[in-house]
1. Rank these for me by crowding, Cys323, Cys292, Cys298, going from fewest to most other beta carbons within 10 Å.
2. Return the lysines within reach of Lys57: Cα separation strictly under 16 angstrom, same-chain partners fewer than 8 residues apart disregarded; answer none if there are no such residues.
3. In straight Cα distance, which aspartates and glutamates are under 19 Å from Lys126, not counting same-chain residues fewer than 8 positions off?
4. What number comes out for the charge environment of Tyr224, summing +1 per Lys or Arg and -1 per Asp or Glu over other residues with Cβ under 12 Å away?
5. Let me check against my output: what whole-number percent is the relative contact order of the chain, with C-alpha pairs under 8 Å and at least 6 apart?
6. Taking the Cα centre of the chain as the origin, how large is its charge dipole in debye, to the nearest 20, when only Lys and Arg (+1) and Asp and Glu (-1) carry charge on their Cβ atoms?
7. Please arrange Leu180, Leu60 by how many other C-beta atoms lie within 10 Å of their C-beta, fewest to most.
8. Provide the net charge surrounding Thr59, with neighbours chosen by a C-beta distance below 12 Å and charges set as Lys +1, Arg +1, Asp -1, Glu -1.
Amino acid sequence: MTQTIETPLLEMRGVTKLYGGGLLIKPTFTALDQFSLQLYADNPRVTTIAGESGSGKTTLANLVLGFITPTTGNVLYQGKDIAHLSRAEFMHYRREVQAVFQDPYEVYNPFYKVDHIFDTVVSKFKLAKGKIETRTFIEHALEVVGLRPSEVLGKYPHQLSGGQRQRLMVARAFLLKPKLIVADEPVSMVDASLRGMILEIMLNLKKEFGISILYITHDLSTAYQVSDEIFILYRGAVAEAGEIGRVIETPKHPYTQMLIQSIPLPDPDLKWDTQVTLSEEEMGGSFATRGCRFASRCPSVMDVCKQTTPASISLAPNHRVACFLYHNGAGVAK
């Protein structure tokens, strides 16, 4: 019997994005380096892309959304390169891959009532016929994200809280019944009391409606609460990746360990040290062109780290790390 190989819903194959160079002959900056990922429609998951500012998280999100194109590599949706989709195919892609952005204050036109964002989506994608069906669609989407239609519809953005505005954005994305939502720092600008609610909504979209979530964040604590798998990026490259429990509970890469150690503990007697020590290269904005990107900050740096880029190796099922500490078998699961 011939076994059918499922085509990934979304696949990134060795995607690299460079900036600079060209006619101005400026040095190139690698925003994302040889990144690969596969998401499957029959296995909806919350996949986290985590790292500090400048790690390449937002670049990755923009590549998936088709806002920018890779320098090398491919972003494929259901087996087709999104850079070569026809107009009709790209509209279909736009419907099935939706975004929720970081700032709920900047995505609204203050001159329109919030109903406008829903009416525009319904009209553009021909989701309903007539006002009654349109209203039914919109009200269902609002209820899914825990909003009462009577409390938000008919109001201007400034009349709503930041949490309400952010949930409206999730509702707008859900209205299209997407297969994938790219959530770029969706809870970083709302009150702590509302973060849990929005994260719970994301989990519900996965469990109840089979929607995969690509969760872009610098916050490992929220990633641990909602994710199935995680990719830790450092200056455009994957330092560590795998099942969320393995990576967060038993971190192997020194960078991942540093990130986890920086999470503040709920103890008022402990002062959170927010000072970050940068190397001279990073202070000057220049980076080494060879070797491990983290070498200048790594407490376990070796000579080989400064000369050669470590390959990603498997330590255990669903757990990979790019670090020379494990290249000789040390710490590798048998």
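Readers should treat all values here as calculations from the given coordinates under stated rules, not as data from a laboratory. Remember, it's a predicted structure, so these values are computed and weren't measured experimentally. Neighbour counts run over all protein chains shown; Cβ positions are idealised from the backbone, glycine included.
1. Details: Cys323 24, Cys292 27, Cys298 19.
So the ranking, lowest neighbour count to highest, is Cys298, Cys323, Cys292.
2. Result set, ordered by chain and number: Lys17.
3. Those aspartates and glutamates meeting the cut-off are Glu89, Glu96, Asp115, Glu139.
4. Numbers: positive: Arg246; negative: Asp219, Asp228, Glu229, Glu243, Glu249.
After counting each charged neighbour, the total is -4.
5. 19
6. 920
7. Leu180, Leu60
8. +1
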